[in-house]
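Novice: Would you mind keeping the following structure in view while I ask a few things?
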Amino acid sequence: MLTFAVLHVKGTKHTLFAQEGQVQIANLYNEEDRDTFELIRQQFREKNPGYDMGYLSDVREVGAKEITQVAFVQQIGGVTNQDVLAKATITGNPGSVRESEAIVGDILILHKGESLRFDTEMGLLVFEVPIEPEQELPSFIRPDWDPNITDVPGGCATDIDAYRRILLTWSEDVGEYIYHALNAHRVRIYDSFSHYHPVDGGFDEFYLVQMVHPGAKIITSEKVDKIKNPGKVKKSQVDGLIDEHELEVGDLVYLPRGVMHRGYGGVVTQVITIPGFIPGSEIGVDHHLRAINERLGLSEEDALPFNEEHSHEAVIR
């Protein structure tokens, strides 16, 4: 069993502790930098008391604990490939056994006292969640094989033909499986709107990257207060207002509360929120970015990037 990650901050690798509220991108496949996993894990645990997380590489078993565990299948047999299947078995007390096939993109839920084993080596992102689900949830949640999970355009993928499968949700209006302590949806993002989740009443968010088009990236900003006051932004402050991070398969993007973000260029990712996706906590800023560009007369080369569709008025979801 191996727990590790690599930390990238603003496109470069660092071994220093990240600042509060800073975007962090961990490539889960890089064993050489496994010690830096604590840089993400520590901040996550401090912001979310009772929670924990880890990446388990090349494991066949996940042991039972006295807490709910939510495991995201990221690799099977050392590869991130949806053509590869594994056999998964969950054993509970007293002696209950449930079996299913599993592929990359699936979620497996272990309740207190339940253990998990596979017939091959797996890579799993596992969250320990201190709150039990509000309803009886299936042990195996399979976005591409569960008839209860279908495409629901919205959020980061608004196109009518969007691939957006809601696995664990806050509200029954958008999904079958309710879990307020952790939400997740698997989505293909071409051009999401720029938004943040407030520090007070919001949530932390992860992107667990499973497919990418060349050049796909996430656009972020840790200077939301400046963006929200476009009339005060000076031309000298534009450079550095926005950061762009190219993405790779295996990246785990940590977006603390208060950080602006926008996926762009074609990426399939599990979007994981802690706690759940609280309604009214997705606050758009594309109208502010557009206003900065127009007020300062920024040319196309110098202009701040924004989503055109969502730039004409304030968007709150």
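Novice: Please state which one of V267, V315 is of a type outside the set (D, E), surrounded by 14 or more Cβ atoms within 10 Å (Cβ to Cβ), under 17 Å from Y196 (Cβ atoms) and out of contact with any Pro (no Cβ under 7 Å at 6 or more places or on another chain). Talk me through it step by step, then tell me what you get.
Specialist: Working: V267 fails: under 17 Å from Y196 (Cβ atoms).
Checking each option against the conditions leaves just V315.
Novice: Somewhere in region 232-243, is a residue of a type outside the set (S, T, Y), assigned to a strand (DSSP E or B) and surrounded by fewer than 21 Cβ atoms within 10 Å (Cβ to Cβ)?
Specialist: yes
Novice: Moving to a separate point now. Mind checking which pairs have a first residue in region 120-135 that is free of Cβ contacts under 8 Å to residues at least 60 places away in the same chain and a second that is aliphatic (A, V, I, L, M), Cβ under 9 Å, 6 or more apart or different chains?
Specialist: E134/I178; E134/A181; Q135/I178
Novice: Determine which single condition E99 fails, assuming it passes every other condition in (1) more than 22 Å from G50 (Cβ to Cβ); (2) in a strand (DSSP E or B); (3) in contact with an Asp or Glu (Cβ under 9 Å, 6 or more places away or on another chain).
Specialist: (3)
Rundown of residues vs (1) within 30 Å of G78 (Cβ to Cβ); (2) within 20 Å of the chain's Cα centre (by Cα); (3) not in a strand (DSSP E or B), yes/no style:
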residue	(1), (2), (3)
L137	yes, no, yes
W145	yes, no, yes
V174	no, yes, yes
I189	yes, yes, no
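Novice: Okay, moving on. Specify which of the listed residues (F72, F118) is at pLDDT 95 or above, aromatic (F, W, Y) and farther than 19 Å from E248 by Cα. Spell out how you get there, then give the answer.
Specialist: Values: F72 fails: farther than 19 Å from E248 by Cα.
Testing whether each residue is at pLDDT 95 or above, aromatic (F, W, Y) and farther than 19 Å from E248 by Cα leaves just F118.
Novice: In addition: Which residue, of E121, E136, E132, E101, is surrounded by fewer than 16 Cβ atoms within 10 Å (Cβ to Cβ), charged (D, E, K, R) and in contact with a Leu (Cβ under 6 Å, 6 or more places away or on another chain)?
Specialist: After ruling out the rest, the residue left standing is E101.
Novice: Can you find a residue that is among the acidic types (D, E), buried (at least 19 other Cβ atoms within 10 Å of the Cβ) and more than 15 Å from I25 (Cα to Cα) anywhere in region 276-294?
Specialist: Within region 276-294, one or more residues are among the acidic types (D, E), buried (at least 19 other Cβ atoms within 10 Å of the Cβ) and more than 15 Å from I25 (Cα to Cα).
Novice: Looking at V209, V285, which is the one that is under 23 Å from L125 (Cβ atoms) and of a type in the set (V, I, T)?
Specialist: Only one candidate passes the filter, namely V209.
The values are calculated or read from the model by the stated rules, or taken from the named source; none is laboratory data. Because the structure is a prediction, the values reported are computed rather than measured. We place every Cβ from the backbone using ideal geometry, glycine too, and count neighbours over all the protein chains shown.
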